[in-house]
Amino acid sequence: MASISFDRVVKRFGDVTVVPELSLEIPDGEFIVFVGPSGCGKTTLLRMIAGLERIDAGTVRIGDEIVNEVPPARRNIAMVFQDYALYPHMSVRQNLSFGLENQKLPSAEIDRRVAQVAAMLQIEPYLDRRPKALSGGQRQRVAMGRAMVRQPRAFLFDEPLSNLDAKLRVDVRGEIKKLFHELRTTTVFVTHDQVEAMTMADRIVVLQKGVIQQVGTPAEVYNRPANLFVAGFIGTPTMNFIPLKRSGAQWRWGERLLELPQHADASTTGTGAVLGLRPEHWAVTPDAEQAFPMKVEITEPLGSDTFVFGEIEGQRIVARVGADVPVVPGDLLPLRADLERAHLFDTATGETLLRAASSRP
Amino acid sequence: MSEKWVDRLSHLQLAMVALVVLAPVAWMVLSSFKPSSEVTAYPPKLLFSATLDNYRQLFSTTPFARYALNSFLVSAGSTLIGLLLGVPAAFAVSWSRITWPATVTLMARMAPGTLFLLPWYLLFSKLDLIGSAWALILTHAVITMPIVIWVLLPFYDSVPRSIFEAAQVDGCAPLRILMRIALPLVMPGLTVASILAFVYSWNYFQFALVLSNSDSKTLVAAAFNFIGEGATFWGALMAAATLIALPPLLLAFAVQRRLVSGLSIGAVKG
């Protein structure tokens with residue numbers, strides 16, 4: 001069990017600076033998720049913790065120990081790789097015990113731990129099989145077992161669910177959450193899937209181009225995004241972004257004047273801003289006067305809700321409505337925007353100017 | 001209909017290539033059983049009375065068994081050295097992605113053997129090793145090591161790096177990664193490398209010609225003795241050639257399946 005910290009860490013690949021000075025503290029026992037689009041540096045950061053990438057500047061600590069020059073074999077961490085990286089010529093049992101043999105543990109202890117983990121992950125029937133005789137889900141569990149059996153200071157996951165089919169992904173997500181939250185070992189989980197991040201993390205680190213955009217709990221990151229990027233990355237379907245123009249002390253969307261909550265005006269500068277409104281913050285309204293009419297193009301009925309894609313004031317909008325609302329493509333749907341829940345972003349920097357007033361921490 | 005013809009044509013093509021390749025070999029074997037005078041007869045005789053005279057002459061006039069033993073010692077010894085040095089070297093090149101050492105090795109292999117001969121002769125004379133098996137074993141390592149490196153490189157490269165990384169994270173030291181993880185996964189390559197190295201070393205006569213004496217001569221070098229100034233003992237030469245070609249042939253035959261699959265770069269999936 002150990003904390004992990006990055007102190008002004010820099011990583012370059014040749015002439016390209018992939019991570020320009022990053023600092024982050026991960027307390028002991030936390031399940032933290034690095035999330036971001038491809039190339040944002042999340043896997044690079046993970047590999048720096050593991051010791052599989054050199055650190056060009058700054059320090060990485062595991063516990064109190066600076067591990068910059070410590071080889072991976074001596075960091076006492078365990079990693080689950082995206083392609084599982086099981087040893088193909090060894091049985092599942094041998095895969096599980098290999099790391100423990102390297103630690104020179106007595107064979108009685110090795111057998112005990114292997115049996116315990118095999119039971120926990122329900123892979124006992126496969127102990128004598130080779131990896132190529134296992135399904136993707138089974139291999140994934142063996143990969144996790146190989147990590148768990150080591151009882152390391154920290155677990156590192158590199159997009160372990162990417163190669164699983166959709167249904168299996170949901171099942172394994174839950175299993176991982178249950179298992180690893182129980183173990184209370186510091187866990188760093190890397191994914192490009194924001195749903196995985198939201199469902200599994202104690203805290204989420206949103207990354208773009210090697211720079212931390214925001215660190216917070218799933219609720220914080222969802223309800224109080226620090227900037228446009230985070231707001232657009234977290235949440236599906238994506239938040240609606242509507243460019244606004246200043247009109248005196250108010251804001252204009254096309255021809256319509258908007259009544260934003262009071263504190264919006266105080267902190268805003270410049271003549272333009274972007275309004276952010278999540279799909280669930282639109283509602284069908286009987287009041288045709290106040291409504292924004294949407295020209296419906298596509299409907300996605302999910303059973304519990306329906307997502308409606310269309311145009312309002314020339315802007316593409318997606319709204320979530322109840323499943324009982326009768327709507328078909330071509331309709332003109334009168335929608336009301338819950339502006340209390342709106343976000344406002346600076347056009348130039350993307351920084352949040354106004355967080356939704358009624359969101360709770 | 002045309003597919004059957006393409007099939008037949010490719011079979012025919014194969015047969016013709018096989019004929020061209022195997023004809024000299026067949027001739028050599030047949031000639032070894034011909035009476036000496038008939039070997040060089042023109043027009044060439046396909047029907048003849050087989051005789052073992054050539055073989056008898058071979059064994060009575062030359063210490064054939066000794067030469068065979070020398071050949072075997074040199075080839076096996078140099079293959080072993082080639083493996084001992086080449087297996088870790090190829091792994092290091094593949095792992096570090098630093099390729100120039102392998103390129104240098106290849107250039108050394110492609111350099112004409114005569115380039116090394118004089119310096120080596122002087123060196124081994126000074127060390128009093130001319131005529132010792134060691135002179136040949138060491139110099140043949142120039143033949144075997146590049147073969148081992150260049151056969152094994154693609155095999156190491158085809159192992160997903162994440163497997164080696166997983167072993168690192170699992171607390172494995174680099175040498176142990178080579179022995180417990182990498183080597184088992186490149187076994188087909190190892191077999192191919194060993195066979196090729198042995199065969200190349202077996203057939204190499206240049207060094208043996210210069211660096212050995214009558215005690216330590218290898219088979220191929222000794223076979224040269226039959227090519228005389230005036231007369232050449234063709235029959236005995238053919239017999240010698242047939243026997244010399246046998247061990248590599250048998251070896252390749254024994255591991256033929258491995259050889260073919262090993263040569264078509266093994267793709268190891270984790």
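Below, the figures for the structure above:
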read-out: Wholly enclosed helices (runs of 4 or more DSSP H) of region B:141-234 bearing at least 2 residues among the acidic types (D, E) and either on the phi < 0 side of the Ramachandran plot or within 13 Å of the chain's Cα centre (by Cα) (or both); value: none
read-out: Enumeration of residues in region B:30-43 that are in contact (Cβ under 8 Å) with a residue 12 or more places away in the chain and surrounded by fewer than 16 Cβ atoms within 10 Å (Cβ to Cβ); value: B:P35, B:T40
read-out: Candidates A:I204, A:I242 - the one that is in contact (Cβ under 8 Å) with a residue 60 or more places away in the chain, of a type in the set (V, I, T) and within 26 Å of A:R184 (Cα to Cα); value: A:I204
read-out: Single residue of region A:151-183 satisfying the filter (among the aromatic types (F, W, Y) and within 14 Å of chain B (Cβ to nearest Cβ)) that is nearest to A:A78 (Cα to Cα); value: A:F155
read-out: Selection within region A:125-150 - loosely packed, with under 14 Cβ neighbours inside 10 Å, more than 14 Å from chain B (Cβ to nearest Cβ) and either touching a residue at least 24 places away in the same chain (Cβ under 8 Å) or assigned to a helix (DSSP H, G or I) (or both); value: A:P125, A:D128
read-out: Filter pass, A:D28 being in contact with a Gly (Cβ under 9 Å, 6 or more places away or on another chain) and acidic (D, E); value: yes
read-out: Some residue of region A:306-320 being within 29 Å of the chain's Cα centre (by Cα), aromatic (F, W, Y), within 30 Å of A:E220 (Cβ to Cβ) and at pLDDT below 90; value: no
read-out: All positions within region B:147-159 that are in contact with a Gly (Cβ under 7 Å, 6 or more places away or on another chain) and surrounded by fewer than 19 Cβ atoms within 10 Å (Cβ to Cβ); value: B:S158
read-out: Residue count, region A:98-113 (criterion: within 14 Å of another protein chain (Cβ to nearest Cβ), of a type in the set (A, V, I, L, M, F, W, C) and more than 14 Å from B:Q168 (Cα to Cα)); value: 2
read-out: Residue in region A:77-97 that is farthest from the other protein chains (Cβ to nearest Cβ), counting only those that are touching a strand residue (DSSP E or B) at 6+ places or on another chain (Cβ under 8 Å) and within 23 Å of A:M1 (Cα to Cα); value: A:V80
read-out: Filter result (surrounded by 15 or more Cβ atoms within 10 Å (Cβ to Cβ) and among the small types (G, A, S)) within region A:1-21; value: A:A2, A:S3, A:S5
read-out: Subset of region A:259-285 (residues that are at pLDDT below 85 and surrounded by fewer than 17 Cβ atoms within 10 Å (Cβ to Cβ)); value: A:E259, A:P261, A:Q262, A:H263, A:D265, A:A266, A:S267, A:T269, A:G270, A:T271, A:G272
read-out: First in region B:179-200 and at the interface with chain A (Cβ under 10 Å from one of its Cβ atoms), second anywhere and among the β-branched types (V, I, T) and in a helix (DSSP H, G or I), Cβ under 9 Å, 6 or more apart; value: B:I181/B:I163; B:L183/B:V87; B:L185/B:I163
read-out: Test set (1) within 29 Å of B:T218 (Cα to Cα); (2) part of a helix (DSSP H, G or I); (3) over 24 Å from the mean Cα position of the chain (by Cα) - B:M16 fails condition number; value: (1)
read-out: Test: residue in region A:31-49 that is more than 10 Å from chain B (Cβ to nearest Cβ), over 28 Å from the mean Cα position of the chain (by Cα) and farther than 16 Å from A:R150 by Cα; value: no
read-out: Members of region B:54-70 that are outside any loop (DSSP other than H, G, I, E, B), under 16 Å from B:T242 (Cα atoms) and either in contact with a Lys or Arg (Cβ under 9 Å, 6 or more places away or on another chain) or of a type in the set (V, I, T) (or both); value: B:N54, B:Y67
read-out: Among (1) touching a residue at least 12 places away in the same chain (Cβ under 8 Å); (2) on the phi > 0 side of the Ramachandran plot, the one test that B:T79 misses; value: (2)
read-out: Of all residues making up region B:203-218, the number that are in contact with a Leu (Cβ under 8 Å, 6 or more places away or on another chain) and crowded, with 21+ Cβ neighbours inside 10 Å; value: 6
read-out: Residues within region A:151-188 that are of a type outside the set (D, E) and part of a helix (DSSP H, G or I), tallied; value: 15
read-out: Single residue of B:S60, B:S94, B:S78 found to be at pLDDT 90 or above, closer than 30 Å to B:M238 by Cβ, among the hydroxyl-bearing types (S, T, Y) and out of contact with any Cys (no Cβ under 7 Å at 6 or more places or on another chain); value: B:S78
read-out: Some residue of region B:58-75 being in contact (Cβ under 8 Å) with a residue 60 or more places away in the chain and touching an Asp or Glu at 6+ places or on another chain (Cβ under 7 Å); value: no
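The values are calculated or read from the model by the stated rules, or taken from the named source; none is laboratory data. What you see is a predicted model; the values in this text were computed from it and never measured. Backbone-built Cβ (ideal geometry, glycine too); neighbour counts: all protein chains shown.
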